[in-house]
Amino acid sequence: MTKGEEERPMRDIPVALNGFRLTVVEAPEVKQKRDGSGPVTDRNGATQFVVSLFVKQRPVAGQRTPKGEEIRVTLASDPGEGFGEGEWVELIDARVNAWEMRDEETGRVSSGLAFKALGMKLTGTEPMAVSAASEK
């Protein structure tokens with residue numbers, strides 16, 4: 001790294017979520033700026049959307065299924081209608097980015113993962129249990 005260059009984390013790391021069940025917790029809506037000044041847009045001016053999903057590993061025969069996690073996903077396009085609470089979905093081109101922010105006053109560092117996708121679609125059915133042999 002040269003002087004004046006800041007370290008940048010890898011961006012848009014592809015995420016394979018097959019093997020997980022994604023359930024809508026909060027329906028998609030237009031993503032709003034934190035300061036309340038309007039919708040979030042991408043570099044081209046396209047409105048971004050956000051959806052809350054519960055992600056849980058699909059059952060594997062003979063193994064205990066771990067607890068799930070709720071995530072918020074930024075969608076690059078309007079997913080359309082039909083994504084109500086409890087619907088099972090699949091993300092299209094899911095990606096993750098690591099982020100870190102430092103509070104200059106307190107020195108406190110916060111970090112996390114930001115999920116995004118081009119869009120999502122309904123899966124329509126309960127994902128089938130995965131056999132232990134197919135997971136290897």
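Assorted remarks:
- Extending 7 Å from the Cα toward the beta-carbon at both Ser110 and Lys33 defines two label points whose distance is 1.8 nm.
- Annotation: for a label point projected 7 angstrom from Cα along Cα→Cβ of Asn18, residues of the stretch 54-86 with backbone N closer than 20 Å are 55-61.
- Where the stretch 5-115 is the region considered: accessible area per residue in Å², 1.4 Å probe: 72 Å²
- Solvent-accessible area, 1.4 Å probe, carbon plus sulfur percent, for the stretch 17-62: 47 percent
The values are calculated or read from the model by the stated rules, or taken from the named source; none is laboratory data. Not measured: the values here are computed from a predicted model. Note that we place each Cβ from the backbone using ideal geometry, even for glycine, and neighbour counts take in every protein chain shown. SASA here: full protein model, heavy atoms, side chains in, ligands and nucleic acids out. Shrake-Rupley method; radii C 1.70, N 1.55, O 1.52, S 1.80 Å.
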